[in-house]
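Have a look at the structure below before the remarks.
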Amino acid sequence: MQRFSSLEEVPPVQREREHDGIGPIVFRRMLAAESFETNIDFVDLTTIPPGSTIGRHSHDGTEELYFIASGEPLMRVDGIERRLRRGGVAVVHPGGWHELVNDTPDPVEIFVVQVSR
């Protein structure tokens, strides 16, 4: 297994059309599949402005893990709602529905890890 001493950041990618809210939601691809000897597809650092929502279905055959770096966003996964805190994690299994809402007054930063199953 490869070990890392730093993350290699690429230029920010804005994908406003894929998400609801006031945006822009900025996705920074930190590591991609070729960086790993495992089934990790990518690791993104995502900044979600106040009033913005990320919501979509998982891709078939993958799951996503949301690691909360800052803030206290609201997370809905398959109809179950909970408030996440810094250091918290939410897992969306293949085909699962999810929505992450930043209803706080401050930006929220999360790491998103997508894993192939």
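Some points to look at:
- Annotation for region 30-41: no member residue is crowded, with 17+ Cβ neighbours inside 10 Å and modelled with pLDDT of 90 or more.
- The lone criterion from (1) at pLDDT below 90; (2) under 14 Å from the mean Cα position of the chain (by Cα) left unmet by residue 95 is number (2).
- Any chance residue 23 is in a loop (DSSP other than H, G, I, E, B), in contact with a strand residue (DSSP E or B) (Cβ under 8 Å, 6 or more places away or on another chain) and modelled with pLDDT under 90: yes
- Note on region 58-106: residues that are closer than 18 Å to residue 29 by Cα, surrounded by fewer than 18 Cβ atoms within 10 Å (Cβ to Cβ) and in contact with a Ser or Thr (Cβ under 7 Å, 6 or more places away or on another chain) total 1.
- Where a residue in region 58-74 is free of Cβ contacts under 8 Å to residues at least 40 places away in the same chain and within 21 Å of residue 33 (Cα to Cα) and its partner, wherever it lies, is assigned to a loop (DSSP other than H, G, I, E, B) and of a type in the set (Gly, Ala, Ser), with Cβ under 8 Å and at least six apart: 60/95
The values are calculated or read from the model by the stated rules, or taken from the named source; none is laboratory data. Values in this document were obtained by computation on a predicted structure and should not be read as measured data. We place every Cβ from the backbone using ideal geometry, glycine too, and count neighbours over all the protein chains shown.
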